[in-house]
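What follows is a set of notes on a single structure, which appears directly below.
The values are calculated or read from the model by the stated rules, or taken from the named source; none is laboratory data. Predicted model, so just to flag it, every value in this text is computed and none were measured. Neighbour counts are summed over all protein chains in view; Cβ atoms, including those assigned to glycine, are modelled from backbone coordinates with ideal geometry.
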Amino acid sequence: MDEIETGFTRIMEKIEEMKKKDAPLAETVRKHDAELLGRLAVMAKPVVESVGLDLLMSGKQDTKNELYDTRYYPDKMIILGKAEPAAFRPDDPSKKISDQFCILSGQGRFFELMYSSDGFFTDSYLNPIDPKTALDEYGYDILFMLYKAVRDYSEAEKDLIDALEKVIAYIFAAPVAAK
C-alpha cells in the first residue's frame, strides 16, 4: 500500500471510532438538554440586558393598523423561537392567540409571549415556562439561537474593543514629523 491508501485507511478508522463515541455522547447531551439550556440562560443575562428588545405588552390600533397608547414590558428580552399559536390564551380562554414566541428575559427566565388582537386592541400574555417545556414546545432551535446570540455578542464586543484599542493607539501615538 502506498502512503495515500494508508492515510485514507487511517482516516476511515478514525471516522468509525468517532461514530462509536458519537451516539453515547449525543444521548448524554439529550438527557441533560434542559439543564444545559437553563445554564446558558443564566449566563446570557448580561447579553439580553445589552442587546435585548423592548417587546410590546399592549396597544391600540388605529384605522391604518398603526399602534398607539403602547405599553412595553419593563425587562428587555430576546426572541428565541416561534411556534404555531395555541388555540387560546391560558389567562383568558376567550382570546385567540395570533402570534406565539419563546423568549428569554433579562432575568434569565423563559416565557411564551402570546399576542392577541381584536382589531382594535392588541395585548399579550407572558406565560412562564421552564427550560424543559421550552425545548419540548420550540425544539433545539432555541438552544442554537441562544448560543448564536451569545457568540455574536461576544464577537461584536471583541470587534469593538479591537477598534477602540486602535483608536487609542492612534490618539496617543507619537506625532509624525513633517518632511
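Across region 62-92, which residue is nearest to the chain's Cα centre (by Cα) among those that are within 20 Å of residue 143 (Cα to Cα) and in a strand (DSSP E or B)?
80
Do we have any residue at all in region 117-125 that's aromatic (Phe, Trp, Tyr) and either on the phi > 0 side of the Ramachandran plot or in a helix (DSSP H, G or I) (or both)?
no
In region 101-110, which residue that is buried (at least 22 other Cβ atoms within 10 Å of the Cβ) and not β-branched (Val, Ile, Thr) is farthest from residue 56 (Cα to Cα)?
Looking at the filtered set, the residue picked out is 110.
Out of the residues in region 1-59 meeting the condition of being touching a helix residue (DSSP H, G or I) at 6+ places or on another chain (Cβ under 9 Å) and modelled with pLDDT under 80, tell me which one is surrounded by the fewest Cβ atoms within 10 Å (Cβ to Cβ).
1
Could you list, in sequence order, the residues of region 119-168 that are without any contact (Cβ under 8 Å) to a residue 12 or more places away in the chain, more than 13 Å from residue 102 (Cβ to Cβ) and either of a type in the set (D, E, K, R) or in contact with a Phe, Trp or Tyr (Cβ under 8 Å, 6 or more places away or on another chain) (or both)?
If the condition is that a residue be without any contact (Cβ under 8 Å) to a residue 12 or more places away in the chain, more than 13 Å from residue 102 (Cβ to Cβ) and either of a type in the set (D, E, K, R) or in contact with a Phe, Trp or Tyr (Cβ under 8 Å, 6 or more places away or on another chain) (or both), then 148, 151, 152, 155, 157, 158, 159, 162, 165, 166 are the ones that fit.
Rundown of residues vs (1) touching a residue at least 60 places away in the same chain (Cβ under 8 Å); (2) within 30 Å of residue 121 (Cβ to Cβ); (3) assigned to a strand (DSSP E or B), yes/no style:
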{"position": "8", "(1), (2), (3)": "no, no, no"}
{"position": "21", "(1), (2), (3)": "no, no, no"}
{"position": "29", "(1), (2), (3)": "no, no, no"}
{"position": "38", "(1), (2), (3)": "yes, no, no"}
{"position": "48", "(1), (2), (3)": "yes, yes, no"}
{"position": "60", "(1), (2), (3)": "yes, yes, yes"}
{"position": "94", "(1), (2), (3)": "no, yes, no"}
